[in-house]
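The structure appears right after this line, and notes come after that.
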Amino acid sequence: MLRTEKVLQLRGQQGRSVRVVREHYLRPDVPCRSALCRAACPRDGKLLSDDVTHYVVPDCKVVQDYLEILEFPELKGIIFMQTACQAVQHQKGRRQYNKLRNLVKDARHDCIVFANEFHQHSYLPREKGESMDKWQTRSIYNAAVWYYNHCLGQMPVVMVTEDEDAIRQYGNETEGVFVISFKNYLDNFWPDLKAAHELFDSILQTRRERESESQENNGKEYPEHLPVEILEAGIKSGRYIQGTLNVNKHRAQVEAFVRLQGFGSKETELQSDILIYGARARNRAIHGDVVAVELLPLQEWKGRTVALCENETEDKALADTSGDPMPTGKVVGIIQKNWRDYVVTFPSKEENQSQGRNAQKVLVTPWDYRIPKIRISTQQAEALQEYRVVVRIDSWESTSVYPNGHFVRVLGKIGDLEGEIAAILVENSICVAPFSEIQMSEMPTSSSKNPWKVNPEEEKKRLDLRDTHLIFSIDPKGCEDVDDALSVRTLPNGNLELGVHIADVTHFVAANSYTDVEARARATTYYLADRRYDMLPSVLSADICSLLSGVDRYAVSVLWELEKESYEMLRVCYNKTIIRSAYKLVYEAAQGLLDGDTNVVDDIPELKNLDERTKQKKLSDLVWAISKLTDIARHVRAKRDSCGALELEGVEIRVQLDDKNNIHDLIPKQPLEVHETVAECMILANHWVAKKISEHFPHQALLRQHPPPRQEFFTELRECASAKGFSIDTRSNKALAESLDKANDPLDPIVNKLLRSMATHAMSNAVYFSTGSCPKEEFHHYGLALEKYTHFTSPIRRYADIVVHRLLMAATLKETKGDVKDNIFSNKDLQELCRHINNRNRAAQRAQKQSTELFQCMYFKDKTPETDERCVADGVIYSIRTNGVLVFVPRYGIKGAAYMKNKEGLVIACQGDKSCEWKPGSLHRFQNKITSTTTTGESVTLSLFDHITVKILVQTSRCHADTIKLEITRNATYQTSDTEVSQKNFHVVKSDLVKQVSQSAEAAQRAQEKARVDVIDEDYQEYCQTKGASLYQLLEEIRDLALLDVSADIRT
Amino acid sequence: MAAPELLSDEGYRADGRRPAELRKVRARMGVFAQADGSAYIEQGNTKALAVVYGPHEMRGSRSKALPDRALVNCQYSMATFSTGERRRRPHGDRQAGELALHLKQTFEAAILTHLYPRSQIDIYVQILQADGGNYCACVNAATLAVMDAGIPMRDYVCACSAGLAEDTPLADRSPEEAAGGPRLVLALLPASGQIALLQLSARLHQERLEAALEAAGQACRALHAVLDRVVRDRLREVTALLGD
């Protein structure tokens, strides 16, 4: 036995290449396994028969690519050289190799393996610098020659190879050993074997295709990302553009947009987003990532899709549906990955089978349409089929179509209320673990037996308003967390003093305490359709910080001195105070007092059990205070209106579009003036606090801005309005407000609502910011028409207010005690915090909207649309698309898409009685209308603001949230759509929903009861707070109820 | 890429050996003149050098001296260049300490230590190139070195490893075979069949132990033949020199 060595370069543990020397033993006694052998080879096992015309030796490439042909039983006398077998094993993987092994083992096939590399005479060492392919071909040829000689030339040997050089080089070298190409071999030796020839052609073709493909992408699914340095340099030079990737929810497979940010946008004249078309161009970026984009040449620009479509249908004819070309680019690198936890669903059993028996790798579908499928390695795929599951993405290699992830935890069963709510929370990255013990231990104690008391030390430091001021709060019924109270009195000099008192939350929540850190992380109280998750522990929010009547509470007060006649602001001061609220009024009672309605007096608990004279005295004081307040508020409001404050919030809209409205009352709310009064006082306080803190901390105050909208976003609004003959002036907030007021169709009040909702659509969101990071001109608040604004009045449920409280305290103390800079954020930190709060607010709104949709779907799910008349409703068309219309259903406040062309390509047609059915035909879209013409010549035209009857269906989806789908049933107003009947219907709806959901799950029932309480909380949130807050909440709710996301809608 | 198979259907291992075949062994005794005994061995690409001093008086603390027999002191080390990636082990690692202990146990069993009470025998082994089976090479080299020093032993100590491919035992595992299956290391006194050390890493079914042990024992006996030839050659050489 001879010993030689092979030197290999291998990858070491740390990825370094290591030189490895391996032994290689050669022997003279490798059996040739031929029946012809005259030497002393052992003849056990399978032998190569001697009744063939030749032996054939395929080389590596032939074995790899044409093994299927070599499997034909007609082909006899095949010698697989060990070299070729090893090449298959290394390059083709286990499956192909096992196929080869089985072929050799199969006694019916006349083929053997010859271990040429272990034979002393047939082994050739690889020469220095020789390529692997060349060496393999040389070895195999050498082995073939040896074999021929070993059999003493009794049998010619044919070596088949695809290597042209080898054919040239070895073709005539040895007599009796022929080297030819595989095609030649088949043609010459097996001309009659049709099947083999056909198979050969088809293999050749697929191989060519694959080659041409791999030339394009080097065998990779995606191009590599560029290194960071190149990206940075490229972004600086303007070659690449940095932005955040937004995937279009409705066409998640192909369409994504990059919203510009950073350096790129300043230098390029690009105003719009950049379209990223297709998965390859997106290059493994996931929704929310910050990416670097390279623009494609102009001729490759594409238009966005304007047709309605569902995610499930992936391939549609795109040619006729795309709009004007817009800047199109491709992702060249990911600057920051914003991967989070994703909720996914495992494929069901049927789907799973199609994925092959290798069930360890499973493709799971995320709940969010915008996230690609994720490949998971798990053994539990079957057990987890029925559950919503959280996964994390680990990596996404350029060679992989899908990202790799791993399983984290189970949320709950699909379709189960708790599970779905948990899914919504995870999807919005909302963490609502109960408050920990250590956080609770920071809280002061208060119980009914042992109520919390004022600390005498603290009492000295604070201004005592308990005996001097008549303080009262006005809130909706059943409100627990009262964070604001009002007062007004006449000063000795005859002037008036107006006071706004806000609960002093910061006294109990020390900066950087555990509770503070937790509240900062939550940033806001989350209101879902049926529950809420508090920002602060309830001992604060419902007790110690709640300004209840008859108890002493700490407060932060803003007191203004007003001139008695003109209400001119003479002086303002900000103080830490102790107050005792005298009355906790509800809106209705306050309004009653204002109107002189004495019946409401009985509803005020504080006035009970008093003798008649004191009662009358107290009552007249209170009535005076309320009417004075109202007077002042009117005055302030008028001043603000003259500056152009927007009044988008029609009272009716507020009720109609309240996202609760399937469980909320639909009766138009009596517009109470006290709502306005309270709101105006809050705006006033917010405004003055904003002034104060921005003066004292010009570079690190937290304010709230509302940038003016871009004019081009109003195009759709103007066009829609012109369809009805209105003109909308969008040049300034004042002009817009006035023209919206005028655009009122007396016959159809919904038109005005829709126009207003479109207007809010076009506007940007109000956001928190730090004054140091923004030029002074941009501080302006567009909607409220104030130059400075902040949030100060709800510290119990917004973290921004807590920050503002601290700033205000620092500002006022600064006047008295010099610098108190502790606990004040620097500009950079504050900006970071603002970004966080803004993000959390958006998440809260999204979660609220999604949970509402969840309830809507659960409600409609059990109804049979054919028989249940509650599923049929009146709808108004508010937007036209190429294959359908967007419809608003006022009764349920639902917006949705209604198709005019179904999946079979049939279009809608109208009967004599105006009911609709599907018929073959075509659609034509015009600016303000869409016409469907059937092949028989009938046609239906739907225009903007037409009333139609729609059927509400729920489109269920296993992996995603269910969605509401609308179907046009009649091209006419729903008969029973007059208010009275619909109201009656609605009450049925309300009780029904509660009943049904409670039947479905006990947990849901409890949640539902809570939901009623929450509705009140919602009212509280909407009405008793600053008008600013409720306005934006409302605007954003309207916006969120829209079908498409903003990026998609604004620009269509 | 499919994982390489340990044993092909044709019955060859990855390096071309058949299951029972050893790697090539080459050995020399008396490579150092100043030591009492020394030996060099190659088993495949594993190269080991063993040097023996003694028996001599106790060095260092005399309190360690054993009243009835000699103390066997073993040291094991690997040259920094012995592996593909250069790694400095100035004080030796845990593995080296363990291996030295095994060596000590092995040779305490083989050397007739009761002949040299209150004295000490030092065995120093260094791996020059590591390519699997370090312990075995060390034992074999040390055996030769002890013999070269003229210290009486009960028998040769021969060590060899064995692995399993499915059901077939593989003698003298090469490093690329380390990926699969359990490893059995056996140090045998071939004449008596006594086992000086048996080490088994990873779980092995009871039924297969016998087969693996048999294969390892066979390999040890084969090694014994090789070592014996080396010793005899050396002896012939030395006597020839003396004869001059």
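Where a number appears in this text, it was derived from the coordinates with a stated rule and is not lab data. Keep in mind that this is a model prediction, so the values were computed, not measured. Every residue, glycine among them, receives a Cβ derived from its backbone with ideal geometry; neighbour counts consider all protein chains shown.
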Mean 1/r over distinct Cα pairs of the range B:1-137, inverted to a Kirkwood Rh in Å, yields 17.2
At the level of C-alpha centres, the distance separating the range B:189-237 and the range A:428-494, in angstrom, is 87
Cα extents of the range A:108-178 along the principal axes, largest first, in whole Å, come to 38, 27, 25
Beyond 24 Å (Cα-Cα) in this structure, taken from A:Lys584/A:Lys618; A:Lys302/A:Lys753; A:Lys373/A:Lys413; A:Lys742/A:Lys849, we find A:Lys302/A:Lys753; A:Lys742/A:Lys849
Mean separation of Cα contacts under 8 Å (at least 6 apart) over the residue count of the range A:664-764, i.e. the relative contact order in percent, is 24
Once A:Ser436 and A:Ser131 are pulled to full extension, the length gained, defined as 0.36 nm per residue separation minus their Cα-Cα distance, is 103.2 nm
Rh (Kirkwood, all Cα-Cα pairs) for the range B:35-80, Å, reads 13.1
Non-local residues with an amide H under 5 Å from the amide H of A:Val18, with H modelled 1.01 Å from N and Pro and chain starts lacking one, are A:Leu10, A:Arg11, A:Gly12
Taking a crude spin-label model, label points 7 Å out from Cα along the C-beta direction, the A:His924 to A:Glu480 distance in nm is 6.2
For the range B:211-223, Karplus-derived ³J(HN,Hα) couplings (6.51, -1.76, 1.60; θ = phi - 60°; whole Hz; x for glycine and proline) come out as 4, 5, 5, 4, 5, 5, x, 4, 5, 5, 5, 5, 5
Between A:Gly412 and residues 5 or more places away or on another chain, the pairs with built amide H atoms under 5 Å apart involve A:Arg388
Computed on Cα atoms, the radius of gyration and Dmax of the range B:25-242 in angstrom are 17.3, 54
Mean Cβ-within-10 Å packing, highest first, puts peptides B:12-21, A:71-80 in the order B:12-21, A:71-80
Note on the range B:25-242: contact order normalised by length, alpha-carbon pairs under 8 Å, 6 or more apart, percent, works out to 22
Residue separation between A:Arg613 and A:Glu382 times 0.36 nm, minus their alpha-carbon distance, gives in nm 75.5 nm
PRE zone check, label point 7 Å out along Cα-to-Cβ of A:Arg19, amide N under 20 Å, scope the range B:165-186, hits B:175-176
Under the 7 Å Cα-to-Cβ spin-label approximation, B:Met153 and A:Glu904 lie apart by a distance in nanometres of 9.2
Once phi for every residue in the range A:490-495 is put through the Karplus expression 6.51 cos²θ - 1.76 cosθ + 1.60 (θ = phi - 60°), the whole-Hz ³J(HN,Hα) values, with Gly and Pro written as x, are 9, 7, x, 7, x, 6
Shielding of A:19-32 by other chains, given as the mean Cβ count within 10 Å, works out to 4
HN-Hα couplings for the range A:943-960 via Karplus (6.51, -1.76, 1.60; θ = phi - 60°), in whole Hz with x for Gly/Pro, come out as 10, 4, 6, 6, 8, 9, 9, 10, 9, 9, 10, 10, 8, 7, 9, 6, 8, 10
For the range B:61-109, the convex hull over Cα atoms projects on average to an area in nm² of 4.6
Full extension between A:Asn188 and A:His836 adds, at 0.36 nm per residue less the Cα distance, a length in nm of 225.7 nm
Expected integer from the mean partner chain Cβ neighbour count at 10 Å over B:7-19 is 6
Candidate cut points under GluC sites (Glu not before Pro) in the range A:108-175, DSSP loop plus at most 13 other Cβ atoms within 10 Å of their own Cβ, are A:Glu127, A:Glu130, A:Glu173, A:Glu175
FRET efficiency for B:Arg86 and B:Leu200 from the Cβ-Cβ distance with R0 = 35 Å, rounded to 0.05, comes out at 0.65
Inter-chain shielding metric for A:115-123, i.e. average beta-carbon neighbours from other chains within 10 angstrom, reads 2
Close lysine pairs (the range A:68-150; alpha-carbon distance under 20 Å; 8 or more apart or on separate chains) counted at 4
Taking R0 as 35 Å and r as the Cβ-Cβ distance between B:Arg26 and A:Ala39, the FRET efficiency 1/(1 + (r/R0)^6), rounded to the nearest 0.05, comes to 0.70
Residues whose modelled amide H sits under 5 Å from the amide H of B:Ala159, counting only those 5 or more places away in sequence or on another chain, are B:Asn140, B:Leu188
